[in-house]
Amino acid sequence: MAFKLNVNGKVREADVDPDTPLLWTLRDALGVLGPKFGCGVGQCGACTVHLDGQPIRSCVTPVSAVQGKITTIEGIGASAVGQRVQQAWTELDVAQCGYCQPGQIMSATALLTKNPKPTDADIDAAMNGNICRCATYGRIRAAIKRASG
Ligand code: FES
């Protein structure tokens, strides 16, 4: 079945089964490889993308349920907040293996868009669904603070 999806500002068409997770639609049907597969059950955050600015777990979101604008790590730099977050991530050398970092950046950008001056507790609450096996949590928090100005 053909689904029209707005991905990073471009309308794309994916021919997939309706219950195909958005993650696999993006990766396999559309070649958008930034969102990563970690757990596949909505627990790790590696697959996080934005749907109309809200972070969602694309591994547990069927493509047929998606209505709205999808933003992935490839498109997050189009927003001023996303740019600041990416810059802070680079300046503080946040990534270790890097695998979870697209999801981390998507969650951080959603947080700062909603709450430009988050407290440590706000950061922990917003980011606790994003697991990092290299435990870069300290640098993630520092980068969010830097990006918050
Ligand atoms: Fe989606 Fe882990 S791969 S939350």
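What whole-number distance in Å separates the alpha-carbon centres of segment 74-149 and segment 1-42?
The distance from the Cα centre of segment 74-149 to that of segment 1-42 comes to 23 Å.
For the chain, what does -39500 (n - 2.57) per DSSP helix run (n ≥ 4), summed and divided by total residues, give at 222 nm, in deg cm²/dmol to the nearest 500?
Result for the chain: -9000 deg cm²/dmol, rounded to the nearest 500.
I'd like the antiparallel share, as a percent to the nearest 5, of DSSP beta bridges with both residues in the chain. Let's see the in-between values first.
On the way: 13 of 15 bridges.
Counting DSSP beta bridges with both partners in the chain, the antiparallel share is about 85 percent.
Viscosity 1.002 mPa s, temperature 20 °C: give me the Stokes-Einstein translational D for the chain in µm²/s, with Rh taken as the Kirkwood radius over C-alpha pairs.
141
Multiply the residue separation of Ala125 and Asn6 by 0.36 nm, subtract the distance between their alpha-carbon atoms, and state the gained length in nm to one decimal.
This chain segment gains 40.0 nm when fully extended.
Compute, for segment 2-71, the length of the dipole vector about the Cα centre, with Cβ point charges of +1 (Lys, Arg) and -1 (Asp, Glu) only. Units Debye, rounded to 20.
The dipole of segment 2-71 has a size of about 260 debye.
With a point put 7 Å past each Cα toward its Cβ, work out how far Cys39 is from Ser64 in nm, to one decimal.
Each label point lies 7 Å from its Cα, and together they span 2.6 nm.
If we count other beta carbons within 10 Å of each Cβ, what is the order of Met106, Met1, Met127, fewest first?
Ascending number of Cβ neighbours within 10 Å: Met1, Met127, Met106.
Determine, for Arg139, Arg57, Arg133, the number of other Cβ atoms within 10 Å of each Cβ, and report the residues in order from fewest to most. All intermediate terms of the calculation are to be shown ahead of the outcome.
Values: Arg139 19, Arg57 24, Arg133 12.
Fewest-to-most Cβ neighbours within 10 Å comes out as Arg133, Arg139, Arg57.
Using only the alpha-carbon atoms, how far is helix 80-91 inclined from the longest principal axis of the chain? Give it as 0 to 90 degrees, nearest 10.
Helix 80-91 sits at roughly 60 degrees to that axis.
To make sure I understand the rule: partners must be lysines, Cα under 27 Å from the Cα of Lys114, and not fewer than 8 residues away in the same chain. Which ones qualify?
Partners within reach: Lys10, Lys36, Lys69, Lys145.
Mind listing P(r) for segment 2-71? All alpha-carbon pairs, 10 Å bins, whole percents.
The percentages, shortest bin first, are 24, 62, 14.
Kindly state, to the nearest 0.05, the FRET efficiency for Arg133 paired with Thr90, given R0 = 30 Å and r defined as their beta-carbon distance.
Taking R0 as 30 Å, the efficiency between Arg133 and Thr90 is 0.90.
Determine ³J(HN,Hα), in whole Hz, for all residues of segment 16-21 in sequence, where each value follows from phi through the Karplus function 6.51 cos²θ - 1.76 cosθ + 1.60 and θ = phi - 60°; x replaces Gly and Pro.
Here the 3J(HN,Hα) series is 9, 5, x, 8, 5, x Hz.
Each reported figure results from applying straightforward, stated rules to the coordinates on display, with no laboratory input. Since this is a predicted model, take the numbers as computed values, not measurements. Using ideal geometry, Cβ is built from the backbone for each residue, glycine included, and neighbour counts are taken over all protein chains shown.
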